[in-house]
Structure formats: structure tokens, C-alpha cells
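The values are calculated or read from the model by the stated rules, or taken from the named source; none is laboratory data. Quantities reported herein were computed from a predicted structural model and do not represent experimental measurements. Cβ placement follows ideal geometry from the backbone for every residue including glycine, while neighbour counts extend to all protein chains displayed. Calculation scope for accessible area: heavy atoms of the full protein, side chains included, ligands and nucleic acids excluded. Shrake-Rupley method; radii C 1.70, N 1.55, O 1.52, S 1.80 Å.
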Amino acid sequence: MVDVKELLKDLAEKNRLLNEEVEIKISDTKLDTTRIKDYPLMSGKEILLRADFKGCYGDAFTDKPVEFKGTIRELLDKGNRAEMVATLNAVMRYLGLIDRTVHCSGDEPEKCAKELVKYLKELNPKKIGVIGLQPAFVKEIVDTFGAENVLVSDLNPENIGKIKYGVKIIHGKYNEEVIKNSDIVLATGSTIANGTFEEIWNLAKKYNKKIIFYGTTIAGISKILGVERFCKLGR
């Protein structure tokens, strides 16, 4: 497993930041639900943690609402994985290593979805796999490529087995099938916070499939590991 704690510790030690303070709060990011009503963030199924390090922010999705205020050293001692991901993003942003670490708002996920589809058209895939239901992305991809060419998996039991935007959502335990049967795979960056990143990344390598992780949560890790990330409208 990617050791986020060790990566954050090494980064903080090298830059003498262990005794600097970080504050983590639950973000009140508002998304426009006029057209799309099933964002996990707006239904309370997921929470967005935002770390503030010297005025630079880093996000991480989680299903565990927690808050923290203290030094990075203290966080390393008692924080959970999502808190460390958010802090890694904020610290790397502070150091000028990454950008787009703050989640978009309003109708920007829909605008981002249109940009994503433009990019996918250039790659000309026949089948697209989506790991982690991002409603705006799935809707736009289905509208463009057809429901029969899209596979979607998710871990939320309320989504599994349901038809969403013309596609039946399958359980995340079948991610290998999604990857094997897709030309391109899009995976939520929150996999780095929930511990499923390595399995998905390794499966993409096993089947030699192009994989693109999306969102703000994976900003820091994508830079460290050289993984492709799509996040057009993050701040």
C-alpha cells in the first residue's frame, strides 16, 4: 500500500515543517443539483475534508467526518489516512509542487465533464470504465459514447444494482472486470484515501489499460507516483 503517512513525514522532515500547524475541517462545498441530484458529497454519503496549511488548502474525500488542529508531527501520531492525504495535498501546494487541490463548486463538475469528454474523444476508446460513480462524468460520457459502451462500479450500496444514466452500477469488487473490459479507465482519486488505489492501479498495469484518476484528493500522490490525473476546474 502507498504509505501516505511516510510520504508526508519525509516531506515535512526535508522541509522542516514537522512542528508547523495544520487545521483540518469539513468543507461546505456546494454543488449545483438542478440537473444532477445524486452527488455523493451532497447526499452526505461522502465528506470533503480540507486541510489548511499556512493558507494553502488540500482536499480529501472520506466517509468519516473528523476535524483536527495541531502540528504535522501530532497529525502523524494520531491522524487517519484521509487527514494525511488532505495534509499532504496542502503541504505540497504550499511548496509549489502541485496545483488544483481545492474541489470545484456550483455547476463546475458538469463543465469539467464536458472537458473530460473532449479529451476522451481524442483518445477514441470503444469502451470506457468508470470506477467510482461521479454522476456528472457518467452522464456526459453516456450521452457521448452510449450506455452500451460504459461500465461503472461503485462501493455505495445504495447505488449498486441501480440504473444510473442508463448504466447499471456494479459492485466495486468487480473492478477487475471493469478494467479488463475497458479501453480507458477513469477512477476516482478518493481511492487513495479509502485504500483501494493500489489494487486498481495494479490491475490497470496487469491488463495494460490507460487509467486516469480524477479529482483533488489524488493531487499529491499523482505527482509523486507519476499517475495521470484529470481535474480541469479544481482551484
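The table below lists the values:
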| item | result |
| --- | --- |
| Residues of segment 165-182 classified as more than 24 Å from Thr217 (Cα to Cα) and outside any helix (DSSP H, G or I), total | 5 |
| Scope segment 198-215; condition aromatic (Phe, Trp, Tyr) and over 13 Å from Glu228 (Cα atoms); matching residues | Tyr207 |
| Segment 202-235, residues that are open to solvent by less than 20 Å² (accessible area, probe 1.4 Å), in contact with a helix residue (DSSP H, G or I) (Cβ under 8 Å, 6 or more places away or on another chain) and within 19 Å of Tyr94 (Cα to Cα) | Thr216, Thr217, Ile218, Ala219, Gly220, Ile221, Cys231, Gly234 |
| Selection status of Glu46, within 15 Å of Glu23 (Cβ to Cβ) and open to solvent by 50 Å² or more (accessible area, probe 1.4 Å) | no |
| Criterion violated by Gly70 - all others in (1) of a type outside the set (Phe, Trp, Tyr); (2) more than 18 Å from the chain's Cα centre (by Cα); (3) farther than 13 Å from Leu8 by Cα; (4) at pLDDT below 95 satisfied | (4) |
| Boolean, Glu158 is closer than 21 Å to Ala136 by Cβ, charged (D, E, K, R), at pLDDT 95 or above and surrounded by fewer than 21 Cβ atoms within 10 Å (Cβ to Cβ) | no |
| Within segment 116-148, considering residues that are touching a residue at least 24 places away in the same chain (Cβ under 8 Å) and among the polar types (S, T, N, Q), the one farthest from Glu198 (Cα to Cα) | Thr144 |
